[in-house]
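Q: The structure follows.
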Amino acid sequence: DLVLFIYKAVVSTQSTGDVIRRVSVIKLEESGGDTGWDVFTIDYVLNCPLTVIVNQDSRETYLCIFRMLWKTKRIEHGLRRIWGKTATWERTLPHITRDIRELRHLVNIVCAEMQHFISQVQYYINFEVLECSWKELETAVNTAENLDNIIEAHKRFLGIVSERLMLNQEHLQVLTKLYANYQNAISFMDAYDKAHDVLKKTNMIREKRQEDIKIKTKQGGWGVEEKDETRMTQEDTDFKTQLKAISKQLTYTHKTFSDSLGEFLVALTSEADDSMKFLSLRIDFNEHYKQKHGNNFNGPYINRTKSVVA
């Protein structure tokens, strides 16, 4: 089923039949708590003479690049799903809409901050890294005089991409901080899903309550009897308690994400690569994190009022 799904995705890109036949799926070794996002990766089957250029080391580098792109796409997909689901709460959770206004406001704030972060990271990856590096590779291949020139150009391409994506040893600290933000975003998604289950359950209880009242009223009785009132009061009290716990968890997740994002931005300012510093500038375009973290932001690319030229 997974291979069929990938096949349909590749076909939708209008790729040639040869490209489609060469795409394959690799399932990585599982560990406790892993999901499909964690163990899935794509491979591309190559034959001679292309294997002279894209050797085994190059293929492993491509897999590392893919895994980073896949992690990034996971965050973008999850946040978009949450945003869309929350936008329909008034329609899908009509019986508790008034109770969850503050919660919805909190979810939207957290989701918007995370979406801004991941959209800037995706822009950096797609345009600052991949697009620019691919253009350089195309130029080098078109002007190559022999096979050695092509091999060297491809090797240089992978080296630049790996460096700017922070996949080499020199940038391990920055990559670790980036993935910490990814993990905090995943924690937010997990907390949201659990919260949404609570909201759906409560909405169903309230819906059934209204239906029972209508039935009893039609039968000529009281819509709410004393025993029902006691139970309903307890249910409402329990729901308020659950809402407080949910809000506390989401607030904590938001703070953890905000703090780790600040650390990531500080780490970016110490990098020699200008494109990484510009990534920090794009994420913190209004200097929100600079004001929050104070003197830790001492890089020349952080202050919008100064020149971006060191």
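Q: First check a/c for segment 13-164, with a ≥ b ≥ c the square roots of the eigenvalues of its C-alpha gyration tensor; if it is under 1.5, answer rounded, and if not, answer prolate when a/b is larger than b/c or oblate otherwise.
A: Details: a/c = 3.04, a/b = 2.22, b/c = 1.37.
Prolate, since a/c reaches 1.5 and a/b exceeds b/c.
Q: Moving on to the next point. Kindly write out, for segment 240-248 in residue order, the coupling ³J(HN,Hα) from the Karplus curve 6.51 cos²θ - 1.76 cosθ + 1.60 (θ = phi - 60°), rounded to whole Hz, with x marking Gly and Pro.
A: 4, 5, 5, 4, 4, 5, 5, 4, 5
Q: With contacts defined as alpha carbon pairs under 8 Å and 6 or more residues apart, what's the relative contact order of the chain in percent?
A: Details: 224 pairs, mean separation 49.0, N = 310.
Dividing the mean separation by the residue count of the chain yields 16 percent.
Q: Which residue fluctuates the most in the chain, going by a Gaussian network model with Cα springs under 10 Å, if the choices are 28, 46, 130?
A: Of the options given, 28 has the highest mean-square fluctuation.
Q: Which shape class applies to segment 77-122: rounded if a/c is under 1.5, otherwise prolate when a/b exceeds b/c and oblate if not, where a ≥ b ≥ c are the square roots of the Cα gyration tensor eigenvalues?
A: Working: a/c = 5.05, a/b = 2.13, b/c = 2.37.
Note, shape of segment 77-122 comes out oblate.
Q: For residue 166, what residues show an amide H to amide H distance below 5 Å, using hydrogens built from the backbone and excluding near sequence neighbours?
A: none
Q: Candidates [x] 31, 20, 19; [y] 48, 27, 15; [z] 54, 24, 18; which is the computed semi-axes √(5λ) of the Cα gyration tensor in Å?
A: Of the labelled values, this structure produces [y].
Q: Ranked from the most accessible area to the least, with a 1.4 Å probe and all protein chains present, what is the order of 81, 22, 231?
A: Numbers: 81 85, 22 50, 231 105 Å².
Ranked from most to least accessible, the order is 231, 81, 22.
Q: By the gyration tensor of its Cα atoms, with a ≥ b ≥ c the square roots of the eigenvalues, what is the shape of segment 129-186: rounded for a/c under 1.5, prolate for a/b over b/c, or oblate? The partial results should precede the final answer.
A: On the way: a/c = 4.95, a/b = 2.74, b/c = 1.81.
The shape class here is prolate.
Q: With θ taken as phi - 60° and the coefficients 6.51, -1.76 and 1.60, list the Karplus ³J(HN,Hα) couplings across segment 197-202 in order, rounded to whole Hz; mark glycine and proline as x.
A: With coefficients 6.51, -1.76 and 1.60, one gets 5, 5, 5, 5, 5, 5 Hz.
Q: Treating the angle as unsigned and between 0 and 90°, give the value, to the nearest 10°, between the Cα long axis of helix 132-142 and the longest Cα principal axis of the chain.
A: Here the helix axis deviates by roughly 30 degrees.
Q: Hey, another quick one. State in Å² the accessible area per residue of segment 80-207; use a 1.4 Å probe, count heavy atoms of protein chains only, and round to the nearest integer. It would help to have the intermediate numbers written out before the result.
A: On the way: 7060 Å² over 128 residues.
Solvent-accessible surface per residue comes out at 55 Å².
Q: With angles folded into 0 to 90 degrees, how steeply does helix 56-87 sit against the dominant principal axis of the chain? Use alpha carbons for both and round to 10.
A: It is inclined by approximately 30 degrees.
Q: Each residue of segment 167-177 in turn: what ³J(HN,Hα) in whole Hz from Karplus with 6.51, -1.76, 1.60 and θ = phi - 60°, glycine and Pro shown as x?
A: Going residue by residue, I get 8, 8, 5, 5, 10, 4, 5, 5, 4, 4, 5 Hz, with x marking Gly and Pro.
Q: Looking at segment 151-256, I'd like the Rg to Rh ratio, where Rg is from alpha-carbon atoms and Rh is Kirkwood's inverse mean 1/r. Mind dumping the intermediate values first?
A: Details: Rg = 26.2 Å, Rh = 18.5 Å.
In segment 151-256, Rg relative to Rh is 1.41.
Q: Next question, about the same structure. Please state the relative contact order of segment 66-193 as a whole percent: Cα pairs under 8 Å, 6+ residues apart?
A: Details: 54 pairs, mean separation 38.5, N = 128.
Value for segment 66-193: 30 percent.
Q: Now for a different question. Non-local amide H neighbours of residue 41 (under 5 Å, H modeled in plane, Pro and chain starts lacking H): which ones?
A: For residue 41, whose amide H was placed from the backbone, the distant partners under 5 Å are 26, 28.
Q: How large a share of the accessible area of the chain, in percent, is made up of carbon and sulfur atoms when the probe is 1.4 Å and the other protein chains stay in place?
A: On the way: 10120 of 18800 Å².
Answer for the chain: carbon and sulfur cover 54 percent of the accessible area.
Q: Rounded to the nearest 10 Å², what accessible area does residue 42 have for a 1.4 Å probe in the complete protein model?
A: 50 Å²
Q: Continuing with this model, one more query. With the chain treated as a Gaussian network of Cα nodes joined by springs under 10 Å, which of 210, 122, 183 yields the largest mean-square fluctuation?
A: 210
Q: Which residue fluctuates most in the GNM of the chain (Cα springs below 10 Å): 228, 43, 273?
A: Of 228, 43, 273, the Gaussian network model singles out 228 as fluctuating most.
The values are calculated or read from the model by the stated rules, or taken from the named source; none is laboratory data. These numbers come from a predicted model, not from an experiment. In case anyone asks, the SASA skips ligands and DNA or RNA and just uses the protein heavy atoms, side chains included. Shrake-Rupley method; radii C 1.70, N 1.55, O 1.52, S 1.80 Å.
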